[in-house]
Amino acid sequence: MSDVLLPLLVAVPIIAATLPLLVGLVREDAGWPIAAVTTLSVLGMALAVAREVFAGDRLVHALGGWQRPYGIELVADELSAAVAVLVALVAVLTLVFARVAGPRGNPFYAGYLLLTGGLLGLSLTGDLFNMFVFLEIVGLTTYGLIAADRSAASAYASLKYLFLGTVGASLYLIGVGYVFLATGSLNMIDLQGAIASVGYADPLVRAGYAFIVAGLALKIALFPVHSWQPDAYQRAPDAVTALVAALVSTTAAYALIRITYTVFTVEFLAANEAITTGLLLVASVSIVAGSALAAMQSDLKRMLAYSSVAQFGIVVAAVALANETALLGAIVHLLGHGLMKFGLFLAAGLLGLGYGARTVSDLASLAERAPFTAGAYAVLGLSLVGIPPSVGFLGKWYVALGAVEGAGGPGAVAGPTDAAGYVVVGAIFLSTLFTLAYVARLLEALYFAGAGDAGEPEPRPADRADRPETASTAADGGRERPLAPLSDAPRAPGVPDRVPPASLLVLVAVTLGVVALGFAGFAAAEAFEPFLGRVFA
């Protein structure tokens, strides 16, 4: 298969992003079908690339025929192909929910496609500066999508994210500048050898890595530079939250893995134990603090946002542990968390859309009226805790095992002091307890709170700040129009009448996928072995 699919994966959604605006001049409802056709095509291409890569073919495309170190490369290996499939899959599934939940204007679908293209470019680029370009595309489109419902609260959350995201991008770019000054190159593979030649203790190289990590920490939302994330996730329209929570910080964490192990390499981490130990401690604090803050929340979306702070702390800790087991855990947890968090925010959005449930107290005995949605919510929550069999357990297990190995156990390769490795294990354990506490609150509310109450209470209208009640279109000059109500048509026995069936089907499929991936431990180790072998060769 030709490597031409790599530039197509990036170019198709970016070019298609112009179509909802252009076609929208003559057809008001053009956005959704254009987005659906585009993302389905992208998913097909991503799966084709992944099939080729996991069959043993690493794909490299030099844009314009310019070879490295002067040209820009797009690269698909086992890690980048897996992330690209996740991006494409979540993009398709999000459209099913956005169809009924909104936002519905053509500008939304244009931004949505541009974000998809930026995320795919970030996943596939082999150039540090090109990665900055895609980080900016992702950031700018995310700011706009968060404010898509035009409420004051979402505008504030978007503006807050804009300020902090710009700081993160600037820090990243400063780091890239230091690396370029030290080596004279921006191509990731070329930099690998150039940094080794300059020396891992070179001050410019160290400073470059420090600035890059600081910038990506803001994008990932590590504690204490996480403050944009709870507001952004809570105030964005439900479909936007599901997309952003599943992919934006996930691709930023992917960028950290890619830069750390492809550009700086494990030898850099071994030669700079102070940097590694510091990163481990920051990640450990993020793991515990994120989970503790999540346990204190009553708003469902805000609770899940703080849980992301903890979960990405686990991924960053695994990156800093610098051994094969931990890195496998980082990859599994990164991909699994993206799928889990999409499912959790989708379930929260469905309960909010159908029943006005936005807080823990609003969930009182909703399991009786929305059994499938509540059941999926419960299973996904238990996966977030790390209850086997689930992909949440699998990722945490590999990371914790890698932390023990990194603390001096058999298989240790390079890295942290014994104390830092055991701190990570302790942090994961504490985080699991906190996660169990707030997931137990959700389950108690869903299945036991208010049991025995007579009658069925009317759904509480969602707060305007939390749910878009209106959507704008390009054709009406930006004026707002009401969202169409959910269908009142009768459903089959046992199917909730306030939850759209297509979105419910997506939620059930995602939940089953999260459980099925929990059995994929050996398959994951085998699938990513070539990537791990190159990293630790």
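Based on the Cβ-Cβ distance from Ala440 to Gln67, what FRET efficiency comes out when R0 is 41 Å, to the nearest 0.05? For R0 = 41 Å, the calculated efficiency reads 0.15. Rounded to the nearest Å, what's the spacing between the alpha carbon centres of segment 184-220 and segment 279-358? Just the number, please. Cα centroid of segment 184-220 versus Cα centroid of segment 279-358: 27 Å apart.
Which of Met45, Met296 comes first, and how do the rest follow, when ranked by fewest Cβ neighbours within 10 Å?
Numbers: Met45 19, Met296 12.
Taking fewest neighbouring Cβ atoms as first place, the list is Met296, Met45.
Take every Cα pair under 8 Å in segment 11-131 that's 6+ residues apart, average their separations, divide by the length, and report that relative contact order as a whole percent. Intermediate results must be reported in sequence, preceding the final value.
Values: 156 pairs, mean separation 46.4, N = 121.
Relative contact order for segment 11-131 comes out at 38 percent.
At full extension, Leu22 and Ser298 could sit 95.1 nm farther apart than now, given 0.36 nm per residue minus the alpha carbon distance. Rounded to the nearest Hz, the phi-derived 3J(HN,Hα) couplings of segment 104-113 under the Karplus curve 6.51 cos²θ - 1.76 cosθ + 1.60 (θ = phi - 60°) are 10, x, 4, x, 4, 5, 5, x, 4, 5, where x marks glycine and proline. At an R0 of 41 angstrom, the distance between the Cβ atoms of Ala55 and Ser361 translates into a FRET efficiency of 0.20. The lysines whose alpha-carbon is closer than 16 Å to the alpha-carbon of Lys341, local same-chain residues fewer than 8 away aside, are Lys301, Lys396. Remark: spin-label model distance Ala270-Ala11 equals 4.2 nm, labels positioned 7 Å along the Cα→Cβ axis. With a simple spin-label model that places each label point 7 Å from the Cα along the Cα-to-Cβ direction, the separation between Ala155 and Leu505 comes to 3.9 nm.
Decide, for segment 84-189, between rounded, prolate and oblate: order the square roots of the alpha carbon gyration tensor eigenvalues as a ≥ b ≥ c, take rounded if a/c falls under 1.5, and otherwise choose prolate if a/b is larger than b/c, else oblate. Oblate shape, in that a/c is at least 1.5 and b/c is the bigger or equal ratio. Amide H to amide H distances under 5 Å link Thr359 with Leu300, where only residues 5 or more positions off or on other chains count and H is placed in the peptide plane.
Count the DSSP beta bridges whose two residues both fall in the chain, then state the antiparallel fraction as a percent rounded to the nearest 5. Percentage antiparallel, nearest 5: 100. The label-point distance for Asp202 and Phe163, in a model that sets each label 7 Å from Cα toward Cβ, rounds to 3.7 nm.
Mind ranking 170-182, 90-102 by how tightly packed they are, going by the mean number of other C-beta atoms within 10 angstrom, highest first? Can you show the working numbers first?
Details: 170-182: 19.4, 90-102: 23.1.
Averaged packing, sorted descending, gives the order 90-102, 170-182.
Rounded to the nearest 500, the helix-only mean residue ellipticity at 222 nm of the chain stands at -23500 deg cm²/dmol, with each DSSP H run of n ≥ 4 adding -39,500 (n - 2.57).
As a length-normalised measure over Cα pairs under 8 Å and 6 or more apart, the relative contact order of the chain settles at 16 percent. The angle between the Cα long axis of helix 31-54 and the longest principal axis of the Cα atoms of the chain comes to about 40 degrees, rounded to the nearest 10.
Full-extension gain between Phe429 and Ser41, please, as 0.36 nm times their residue separation minus the C-alpha to C-alpha distance. Numbers along the way, then the final one.
Values: separation 388, 0.36 × 388 = 139.68 nm, distance 4.17 nm.
Between Phe429 and Ser41, full extension yields an extra 135.5 nm.
Output the relative contact order of segment 246-365, whole-number percent, from Cα pairs under 8 angstrom with separation of 6+ residues. Reported as a whole number, the value is 29 percent. For the chain, the longest principal axis of the Cα atoms and the long axis of helix 371-385 meet at an angle of about 20 degrees.
Other residues lying with their Cβ under 15 Å from the Cβ of Tyr306 contribute a combined charge of +3, Lys and Arg counting +1, Asp and Glu -1. Rounded to the nearest whole Hz, the Karplus-based 3J(HN,Hα) values (6.51 cos²θ - 1.76 cosθ + 1.60, θ = phi - 60°) of segment 257-267 follow the sequence 4, 4, 5, 4, 9, 8, 8, 8, 6, 5, 5, with x at glycine and proline. Charging the Cβ of each Asp and Glu at -1 and of each Lys and Arg at +1, and nothing else, the dipole of the chain about its Cα centre rounds to 680 debye.
Values in this text are rule-based calculations from the coordinates and carry no lab data. Note that this is a predicted model, so its numbers are computed, not measured. Backbone-built Cβ (ideal geometry, glycine too); neighbour counts: all protein chains shown.
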